[in-house]
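S.K.: The following block contains the structure, expressed as C-alpha cells.
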Amino acid sequence: MVVIIGVGAVSALGAGAAETWSGLRSGRRGGAIITRFDSAAFPCRAAALAPDPDPASLGVPPREAWLMGRSGLILLQAARQALAQSEMTAVRPAPDRLAFFAGLGAVDPDPADLQGAAEGSAPAGSLDLARFYREAYREIHPLWPLGMLNNVGFCLAAIQLGLEGENAVFSPGPEAGLRALVEAADSVRSGRSDGALAGGV
C-alpha cells in the first residue's frame, strides 16, 4: 500500500500548499502582467508566475543556486514543505531507502550569461564569428552549459534533502510529473524504498 503523507506546492497563488489551496477555494486568480522579462513582443503579456524562490532561505549557496536554476529551487522549496508535513520528520528511513523522482523542464539560459561574449565578438556592432571562436567565447562561464541541464538542479536538490535512494528526473512534457508520481509509488510498493518523494516543476 502507498500513502501520501506530505504535500508541498509553489504556485502563482502562493509559496506554500496551504496558500495555493486557499486561493483555489476562494477563486482567487494567480495571473498577472509579466514583469520578470520584457514581454512586449508576445501576443499575450500575462501569465501565472510562481514567486521566485529565495536561495538564502533555502540554505543554497549562490553558486549552487545558479546551477540549480529557478526550476530546481522551486522543486527544493516544495519538497522541503512536503517532507516537513510528512511523518518522516519524526521517524525517517535511512537516506539510501528514500527515493526521489521529479519531472523538470530544461533551464532557460540567462541572456546576461552570454552578454560579454556577444559584445566581445561584435566590436563594430555586427557579430564576428571568427572573433567569437578565437577569443570572445572565453567570456562564457565554463559551467554555463551545466546550468541548462535539469538533472543538475535535481541532483543538487537531492543532496540538500539527503535523499540517496533510487532516483530519476523526467524531461519536460505533460506527463513528466505524473510519471514521477507513478515511479515513486512503484518504488515503495515493490519494497525498493521505504519512502519516496515525487514532484514536478
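The values are calculated or read from the model by the stated rules, or taken from the named source; none is laboratory data. Here the structure is a predicted model, which means the values were calculated and not measured. Reconstructed Cβ throughout: ideal geometry from the backbone, glycine too, with neighbour counts over all protein chains shown. These accessible areas exclude ligands, DNA and RNA; they are computed on the full protein's heavy atoms, side chains included. Shrake-Rupley method; radii C 1.70, N 1.55, O 1.52, S 1.80 Å.
S.K.: Calculate the dipole size of the chain relative to its Cα centre from +1 charges on Lys and Arg beta carbons and -1 charges on Asp and Glu beta carbons; express the result in debye to the nearest 20.
M.R.: Roughly 460 debye, rounded to the nearest 20.
S.K.: Nearest 0.05, what FRET efficiency do ALA48 and LEU143 give at R0 = 41 Å with Cβ-Cβ as r?
M.R.: 0.85
S.K.: Take the alpha carbon gyration tensor of the range 120-201, find the square roots of its eigenvalues, order them as a ≥ b ≥ c, and report rounded if a/c is under 1.5; if not, report prolate when a/b exceeds b/c, else oblate.
M.R.: prolate
S.K.: Have a look at the DSSP beta bridges in the chain and tell me what percent are antiparallel, nearest 5.
M.R.: For the chain, the DSSP antiparallel bridge percentage is about 25.
S.K.: Between (1) 8, 36, 37, 15, 3, 0; (2) 8, 28, 32, 19, 9, 4, 0; (3) 8, 26, 31, 23, 10, 3, 0, which matches P(r) over Cα pairs in 10 Å bins from 0, in percent calculated for the structure shown?
M.R.: Matching the structure shown: (2).
S.K.: Assuming R0 = 45 Å, can you tell me the calculated FRET efficiency for the pair SER26 and SER171, based on Cβ-Cβ distance, to the nearest 0.05?
M.R.: Efficiency computed from Cβ-Cβ geometry: 0.85.
S.K.: Compare the Cα positions of ALA102, GLN115, SER39 along the charge dipole of the range 1-150 (+1 at Cβ of Lys, Arg; -1 at Cβ of Asp, Glu; about the Cα centre) and return the one farthest towards the positive end.
M.R.: So the residue we want is ALA102.
S.K.: Go ahead and set up a Gaussian network model of the chain, Cα springs under 10 Å, then flag whichever of LEU143, LEU163, LEU181 fluctuates most.
M.R.: LEU143
S.K.: Now a separate question. Accessible area of the chain with a 1.4 Å probe: how many percent of it is carbon plus sulfur?
M.R.: After summing per-atom areas, the C and S share lands at 58 percent.
S.K.: Then there's this: Looking at the range 120-201, which GluC sites (Glu not before Pro) are DSSP coil and have at most 12 other C-beta atoms within 10 Å of their C-beta?
M.R.: In loop regions of the range 120-201 (DSSP not H, G, I, E or B), the sparsely surrounded GluC sites (Glu not before Pro) are GLU135, GLU175.
S.K.: While we're looking at this one, here's another question. Where is the GNM fluctuation largest for the chain (alpha-carbon springs, 10 angstrom cutoff): ALA47, ALA130, ALA99?
M.R.: ALA130
S.K.: Kindly provide the trypsin sites (Lys or Arg not before Pro) of the range 1-98 that DSSP labels as loop, not H, G, I, E or B, and whose Cβ sees at most 11 other Cβ atoms within 10 Å.
M.R.: ARG29, ARG36
S.K.: Go through TRP144, PRO61, LEU76 and say which Cα lies farthest out towards the positive end of the charge dipole of the range 33-165; charges sit on Cβ, +1 for Lys and Arg, -1 for Asp and Glu.
M.R.: Of the listed residues, the answer is LEU76.
S.K.: Using a 1.4 Å probe, what is the accessible area per residue for the chain, in Å²?
M.R.: Roughly 59 Å² per residue, with all protein chains present.
S.K.: Moving on. Take the range 15-93, drop everything but the C-alpha atoms, weight them equally and run the Debye formula without solvent; then report log10 I(q)/I(0) at 0.14 Å⁻¹ to two decimals.
M.R.: -0.66
S.K.: Oh, and also: Given H placed 1.01 Å from N in the peptide plane, which residues other than close sequence neighbours of GLY195 have an amide H under 5 Å from its amide H?
M.R.: ALA99
S.K.: OK, next. Span-like helices, the chain: DSSP H, alpha-carbon axial extent 18 Å or more, mean Kyte-Doolittle -0.5 or greater, which ones?
M.R.: Result, helices passing both filters: 62-85, 176-189.
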